[in-house]
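Reading through the structure tokens given below for one structure.
The values are calculated or read from the model by the stated rules, or taken from the named source; none is laboratory data. Just so it is clear, the model here is predicted, and its values are computed rather than measured. Note that we place each Cβ from the backbone using ideal geometry, even for glycine, and neighbour counts take in every protein chain shown. Side chains are part of the model used for accessible areas, which takes the heavy atoms of the whole protein and leaves out ligands, DNA and RNA. Shrake-Rupley method; radii C 1.70, N 1.55, O 1.52, S 1.80 Å.
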Amino acid sequence: MGKKIDFDTALKLGGITPNESIYAKPNNYGYKLNVNHPQIQPLYERYKEHLGEKILSDRQRYTFESLIFQMIERKNKKEVEQCD
């Protein structure tokens, strides 16, 4: 066995950069949110629990993303109103 390295070093050596954005990288499925982002993942897990599913269908995932975008829009609208 070789010498163990930490995760960050492995990412650098592999040329992989983690996606720190809440938005997903372009993909074949059309998903727009990065469900592994620390702010999105708890919401995603709670949504799956609410549905009683461990893996979401495409339709369920699109519905989840739609709900998140509605939340973001409401938050932005509220911030704009507070600035006025």
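Listing for the model above:
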quantity: Degrees between helix 41-51 axis and first principal axis of the chain (Cα, 0 to 90, nearest 10); calculated: 60 degrees
quantity: Carbon/sulfur fraction of accessible area - the chain, other protein chains in place, 1.4 Å, %; calculated: 54 percent
quantity: Cβ-Cβ FRET estimate between ASP6 and GLN39, R0 fixed at 25 Å, reported to 0.05; calculated: 0.55
quantity: Amide proton proximity set for LEU33, modelled H, under 5 Å, gap of 5+; calculated: ALA24
quantity: Peptides ranked, highest mean first, by Cβ atoms within 10 Å: ranges 53-61, 28-36; calculated: 28-36, 53-61
quantity: Label of the coordinate-derived value, mean projected area of the Cα convex hull in nm², listed as [x] 8.9; [y] 11.7; [z] 5.0; calculated: [x]
